[in-house]
Amino acid sequence: MRFHAVSGQPARQKTDCAIVGVFEPASLGVAATQLDGVLSGRLARLVERGDVKGRPGETLLLDVDGGPCARVLLVGLGRKAGFGRKQYKKALHAAASAVAKTGARDAVCHLSLEPVIDTDAYYRGRLAAEAVGHALYRVPAIRSARQPARPPLKEFGITVSSKDQLAEAERGLAHGRGIAAGMSVSRDLANLPANVCTPGYLAKQARELAREHKSIRTQVLDEPELRRLKMGSFLSVTAGTEEPAKLLVVRHHGGKPGSAPIVLVGKGVTFDTGGISLKQPPGMDEMKFDMTGAASVLGAVRAAAEIGLPLDVIAVVPACENMPSGRATKPGDVVRSMSGQTIEVINTDAEGRLILCDALTYARRFKPAVVVDVATLTGACVIALGAHTSAIMSNDDGLAEELEAAGRRAEDRAWHMPMAEEYHDQLKSNFADFANACGREGGAITAACFLAKFTDGLRWAHIDIAGTAYLGGSQKGSTGRPVPLLVDFLIHRA
Ligand code: BES
Ligand code: MN
Ligand code: ZN
C-alpha cells in the first residue's frame with residue numbers, strides 16, 4: 001500500500017473513491033458538505049431521508065461517476081462533540097474495510113479534515129496509515145480451498161487543510177506505515193498455530209528480519225549456550241518438550257556508536273499447556289497466543305527499522321514450549337536462575353516469569369538505557385483490566401508514565417498499576433529464595449514483583465498484555481497490540 005497526503009478542496013480531488021464523514025445525528029461533515037456542492041445535493045438528501053444516520057462504523061457506498069470521483073463512501077463518525085483519536089481511528093478502519101471490498105484502486109480520505117480533538121496533521125496521518133494497514137490485514141489461514149483474492153486498493157491518500165501541513169502528514173503516514181508493518185509481522189506470528197510457530201520458527205523469522213533490513217542483526221542462542229549461561233529457570237520450563245528452546249537477540253542499529261540501547265524483552269511461549277500444572281481444556285487453544293509478547297517486540301524492531309529510527313533497539317526473546325512429560329519440571333522443584341537466585345516452582349503454569357527472569361538478567365550485558373518486557377503473563381490481568389487496557393508495572397514512575405502517554409497517543413491504552421513492597425511478601429518460600437506463584441489476589445502485580453527481583457539497578461517496566469493481545473470468540477485472532485504503544489514510545493525517545 002502506498003500512502004500520500006494532499007491539500008485542497010475535496011470537490012477537486014480525482015479518485016476512484018472519496019471518503020467523507022457524517023456526524024450523528026444526521027449532519028454532513030465539512031468534506032461531505034464541500035463535495036455535495038458538485039453532487040447536486042444528493043449527500044444531503046440521503047441524510048435528510050434517514051438513509052445514513054452517522055452512527056460510528058456505519059458505511060454507505062454511492063456510485064457518482066461523472067464527477068471528480070467514481071464513488072463516494074459515506075462513513076458514520078458518531079457525535080461531533082466526542083470525535084477524538086479513538087473515533088477517528090475506528091472510522092478509518094470501517095472506511096478501509098469497506099473500500100477494500102470494492103474494485104477501487106485508489107481512495108482519498110477526507111476524514112482528516114474533520115475537527116479530530118487533540119490531534120495534529122502528524123497523528124492524523126499516522127493513525128490513518130495504521131488503521132488502513134490493520135483493516136487490510138488478512139490472517140494466514142491454512143485452508144484447502146483457494147485463498148480470497150487480495151483487494152485491488154493500492155494507493156491511499158489523506159487530505160490536509162493547508163499546504164504547510166503536508167510534510168507533517170507525510171511523516172505521520174510513513175510512521176503509520178512502519179507501525180502497520182510491525183503489527184502485521186506480530187499478528188502473523190501470533191495467529192499461526194503452535195505446530196507451525198515453534199521456537200525454531202520464531203528464530204527463522206528473526207533471521208528473516210535481518211535479511212530484509214540492513215539495520216537489523218540477529219543472533220540465535222541454542223540450548224547448549226543457554227546451559228553455559230546458567231539459565232536454569234528458563235531451561236526448567238522447556239524441560240518437558242521435544243522442541244528445542246531458543247533465545248533470540250534481534251538488534252536494530254540506528255543510534256550513535258556507544259549510545260545505550262533500549263531493550264525490549266518479549267515472552268515467547270509458543271504453546272502453554274500449563275505443564276504438570278495442566279490447564280483445563282476450554283480455551284486452551286488460545287495458549288498459542290502466549291508468544292505475543294515476543295511477536296510484538298519483533299514487530300517493534302521491524303517498525304524501528306522501516307521508519308529508520310535513530311536509536312538502538314534490541315529485542316530479547318526467550319522462546320520455548322511449556323509441556324508436561326516424564327522430564328518436565330514438577331511443582332515443588334527448585335531451580336537456579338542465571339542471576340544466582342533460587343526459585344521454588346510452586347506452579348508450572350506460572351512459566352512466563354521463569355523464562356523472562358533469565359532474559360532480563362541477560363539484558364544487563366547491553367547496559368540498556370531502559371528495559372521493557374512485554375508478556376501475556378497473567379489471567380489476573382484480564383480480570384483486572386479486561387480486553388481494552390494493558391497493565392504497566394515498573395520500578396520507575398517516570399518510565400511508567402512515558403509508556404502510558406505513548407499508549408494514549410497511539411490509541412493503544414495501558415494503565416499504571418501499583419507494585420508496593422507489601423505485595424512481595426506473597427512470594428515467600430521455605431525452600432528457595434522465593435516462589436514463582438502464590439495466591440490469586442493481585443496476581444498481575446505479584447507476577448511483576450517476581451520480575452522486579454531480577455531488575456535491580458535497571459530502569460525497567462513490565463507490560464502485561466494477557467487481555468489485549470488477542471480477541472476470542474468469532475473474532476478470534478491477534479490484535480497487533482501493543483506494537484503501536486511500543487513504537488510510539490521509541491519514536492518519542494529518538
Ligand atoms: N499464559 C498464562 C496467562 C494468560 C492467561 C494469558 C489467560 C492469556 C490469557 C500464564 O502463563 C499463566 O498460566 N498464568 C497463571 C499464573 C498463576 C499460575 C500464578 C494464571 O494467570 O493463572
Ligand atoms: Mn502458564
Ligand atoms: Zn503462559
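Coordinate-derived values only; no laboratory data. Owing to the predicted nature of the structure, the values given are computational and were not obtained by experimental measurement. Counting neighbours? That spans all protein chains shown, and the Cβs are built from the backbone with ideal geometry, glycine included.
For the range 181-493, what class follows from the C-alpha gyration tensor (a ≥ b ≥ c being the square roots of its eigenvalues): rounded when a/c is under 1.5, otherwise prolate if a/b is larger than b/c, else oblate?
Rounded is the answer for the range 181-493, as its axis ratio a/c remains below 1.5.
So between Arg2 and Asp222, what do we pick up on full extension, going 0.36 nm a residue minus the alpha carbon distance?
Value of the extension gain: 75.3 nm.
Cross-link candidates for Lys90: which lysines have Cα within less than 20 Å, leaving aside residues fewer than 8 places away along the same chain?
Lys53, Lys80, Lys101, Lys476
Using the alpha-carbon centroid of each, what span in Å lies between the range 420-461 and the range 119-192?
Their Cα centres are 39 Å away from one another.
Suppose each label sits 7 Å from its Cα in the direction of the beta carbon; what would the Glu421-His388 distance come out to in nanometres?
In this crude spin-label approximation the distance works out to 3.6 nm.
Which value, in debye to the nearest 20, gives the size of the charge dipole of the range 2-154 about its Cα centre, when Lys and Arg are +1 and Asp and Glu are -1 at the Cβ?
Once rounded to the nearest 20, the dipole reads 560 debye.
Under 11 Å from the Cβ of Ile491, count the other residues' Cβ atoms, weight Lys and Arg +1, Asp and Glu -1, and hand me the total.
Here the charged neighbours net out to +3.
Highest mean first, what order results for 282-295, 156-169 on Cβ atoms within 10 Å?
Top to bottom by mean Cβ count within 10 Å: 282-295, 156-169.
Using a cut-off of 18 Å between alpha-carbon atoms, which lysines can reach Lys428, once sequence neighbours fewer than 8 places away in the same chain are excluded?
Lys453
State, to one decimal in nm, how far the label point of Glu212 lies from the label point of Lys476, with both points 7 Å from Cα in the Cβ direction.
About 2.6 nm separates the two model spin labels.
How much length is gained if the chain between Lys154 and Val30 is pulled fully straight, taking 0.36 nm per residue apart and subtracting their Cα-Cα distance, in nm to one decimal?
Between Lys154 and Val30, full extension yields 42.0 nm more.
I'd like the distance separating the alpha-carbon centroids of the range 261-317 and the range 348-385, in whole Å.
10 Å
Given +1 on the Cβ of Lys and Arg, -1 on the Cβ of Asp and Glu, and no further charges, what dipole in debye does the chain carry about its Cα centre, rounded to the nearest 20?
1360 debye
If you restrict to DSSP beta bridges whose two residues both lie in the chain, what percentage is antiparallel, to the nearest 5?
In the chain, approximately 40 percent of DSSP beta bridges are antiparallel ones.
Tally the DSSP beta bridges in the range 2-154 and give the antiparallel ones as a percent, rounded to 5.
35 percent
What ranking of Asp425, Asp396 emerges when the number of other C-beta atoms within 10 Å of each C-beta is taken as an exposure proxy, fewest first?
By the 10 Å Cβ count, ascending, the order reads Asp425, Asp396.
In terms of the Cα gyration tensor, with a ≥ b ≥ c the square roots of its eigenvalues, is the range 2-154 rounded because a/c is under 1.5, prolate because a/b exceeds b/c, or oblate?
It comes out prolate by the Cα gyration axes.
Mind pulling the angle between the C-alpha long axis of helix 443-452 and the longest principal axis of the chain? Nearest 10 degrees, somewhere in 0 to 90.
Taking Cα atoms only, the helix is inclined about 60 degrees.
Students often check this: by mean Cβ neighbours within 10 Å, which of 10-17, 269-276 ranks highest, and how do the rest follow?
269-276, 10-17
Show me the ranking of peptides 128-137, 141-150, 222-231, 236-245 by mean Cβ neighbours inside 10 Å, starting with the highest.
128-137, 236-245, 222-231, 141-150
How high is the relative contact order of the chain, given as a whole-number percent (alpha carbon pairs under 8 Å, six or more residues apart)?
13 percent
Which length gain, in nm to one decimal place, applies between Asp397 and Arg365 when the Cα-Cα distance is subtracted from 0.36 nm times their residue separation?
9.2 nm is the gain from fully extending Asp397 to Arg365.
Label point 7 Å out from Ala260 along Cα-to-Cβ: which residues of the range 349-391 have amide N under 11 Å?
Zone members listed by number: 367-371.
Return the distance in nm (one decimal) between the two label points of a simple spin-label model at Gln280 and Ala405, each offset 7 Å from Cα along Cα→Cβ.
Those two pseudo-labels are separated by 4.3 nm.
Just want the answer: with Cβ charges of +1 for Lys and Arg and -1 for Asp and Glu, which residue in Cys17, Ile117, Val99 is farthest toward the dipole's positive end in the range 2-154?
With unit charges placed on the Cβ atoms, the residue in question is Val99.
PRE reach from Arg79 (point 7 Å along Cα→Cβ): which of the range 89-119 fall under 20 Å by backbone N?
89-92, 114-119
Could you tell me the calculated FRET efficiency between Arg49 and Ala11, based on Cβ-Cβ distance and R0 = 22 angstrom, to the nearest 0.05?
0.45
Going 7 Å from the Cα of Leu229 along its beta-carbon direction, which residues of the range 203-221 have the amide nitrogen within less than 12 Å of the resulting point?
219-221
Counting helices only, and only those DSSP H runs with n ≥ 4, report the 222 nm mean residue ellipticity of the chain as the sum of -39,500 (n - 2.57) divided by its residues, in deg cm²/dmol to the nearest 500.
Dividing the helical sum by the residues of the chain leaves -10500 deg cm²/dmol.
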